[in-house]
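What follows is a set of notes on a single structure, which appears directly below.
The values are calculated or read from the model by the stated rules, or taken from the named source; none is laboratory data. Note that the coordinates shown come from a computational prediction; the quantities given were computed from them, not determined experimentally. All Cβ positions, even for glycine, are placed from backbone atoms using ideal geometry, and neighbour counts span all protein chains on display. Heads up: the accessible areas ignore ligands, DNA and RNA and are worked out on the full protein's heavy atoms, side chains in. Shrake-Rupley method; radii C 1.70, N 1.55, O 1.52, S 1.80 Å.
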Amino acid sequence: MPTRLAIFASGTGSNFVAIADAIANDQLDAQIEVLVVDKINAPVVQRAAERNIPVFHLKYKDFATKELAEAALVTELQKYAVELIALAGFMRIITGTLLATYPNKIINIHPSLLPAFPGRHGIDDALAAQVSQTGVTIHYVDSGIDSGTIIAQQAVTIEPTDTITTLATKIHALEHVLYPATLAKLISHN
Ligand SMILES: Nc1nc2c(c(=O)[nH]1)N[C@@H](CN(C=O)c1ccc(C(=O)N[C@@H](CCC(=O)O)C(=O)O)cc1)CN2
Ligand SMILES: NCC(=O)N[C@@H]1O[C@H](COP(=O)([O-])[O-])[C@@H](O)[C@H]1O
């Protein structure tokens, strides 16, 4: 049976599309049961609509705390019997409520070679630091920020001529290969 996947996103959705395409091409034995977003106007919502994938808008401002918001989210995820959660540009900190419900079942993709350049601006920070290489990390999500056990990493070279645009293009191209491939390995091992 395909693994029942939830994708969490806040933005463009190119990693969501890469995962959906890998599933459609029989490269990933999973099914995206639901897309969770914190912004209903995020472009990723349209990517899901084009694929008839249900969208759940987690309205954090409707809840007194993140934990209460996540408790409502757990109820929704359980309706879909979600088995694995993949964060794909989800710009909210996950709290203990979700971590306790899905232990070692929440993974994240980050656009740097962690532990270097954690946080929300990994690509910009690597370019500004004038390092010779950066890359992509896929890791388990824990209570820290970008501190969870690393599952996969791959480097890209930063050329002297690179701009934020050219570097981001290289990073995203790598993400779109590494995330589906890493998910496929995780799923095949479980
Ligand atoms: N518990 C964890 N949650 C998340 C992780 C993680 O490793 N552990 N990875 C992040 C992704 N991320 C960057 O790496 C990140 C995302 C968001 C924030 C942040 O400060 N978010 C604010 C709200 C921002 C907003 O309102 O738009 C917040 O949640 O208070 C930091 C790092 C995903 N979550
Ligand atoms: N801190 C986490 C972080 O920066 N994640 C990054 O957000 C982007 C989402 O792009 P997408 O919406 O096109 O998939 C990706 O580059 C991902 O690595």
Item to complete: Starting from the range 73-86, keep only residues that are free of Cβ contacts under 8 Å to residues at least 40 places away in the same chain, then list their pairs with residues that are surrounded by 15 or more Cβ atoms within 10 Å (Cβ to Cβ) and of a type in the set (Ser, Thr, Tyr) whose Cβ atoms are within a distance under 8 Å, requiring at least 6 positions of separation or different chains.
Response: 74/97; 74/101
Worksheet item: Is the range 146-153 home to any residue that is within 14 Å of ligand 1 (Cβ to nearest atom) and aliphatic (A, V, I, L, M)?
Response: yes
Worksheet item: Give me the pairs: first residue in the range 24-49 and modelled with pLDDT of 95 or more and within 16 Å of ligand 1 (Cβ to nearest atom), second residue of a type in the set (Ser, Thr, Tyr) and open to solvent by less than 20 Å² (accessible area, probe 1.4 Å), beta-carbon distance under 7 Å, and six or more apart or on different chains, which are they?
Response: 37/10; 38/10; 39/10; 42/10
Worksheet item: Say we look at the range 147-173 and pick out the residues that are away from ligand 2 (no atom under 15 Å from the Cβ) and β-branched (Val, Ile, Thr); which of these is most open to solvent (accessible area, probe 1.4 Å)?
Response: 161
Worksheet item: Which ones in the range 117-146 are touching a residue at least 24 places away in the same chain (Cβ under 8 Å), within 12 Å of ligand 2 (Cβ to nearest atom) and open to solvent by 50 Å² or more (accessible area, probe 1.4 Å)?
Response: 118, 120, 124, 145
Worksheet entry | Subset of the range 77-104 [in contact with an Asp or Glu (Cβ under 7 Å, 6 or more places away or on another chain) and charged (D, E, K, R)] | 92
Discussion item. Given the condition over 22 Å from residue 171 (Cβ atoms) and free of Cβ contacts under 8 Å to residues at least 12 places away in the same chain, answer yes or no: does some residue in the range 100-115 qualify?
Written reply: yes
Worksheet item: If we only count helices (runs of 4 or more DSSP H) wholly inside the range 1-93, which ones have 3 or more residues that are of a type outside the set (Lys, Arg), open to solvent by 70 Å² or more (accessible area, probe 1.4 Å) and more than 14 Å from ligand 2 (Cβ to nearest atom)?
Response: 66-79
Worksheet, complete the sentence: Expected single match for under 15 Å from the mean Cα position of the chain (by Cα) and of a type in the set (Gly, Ala, Ser) among 122, 144 is 122
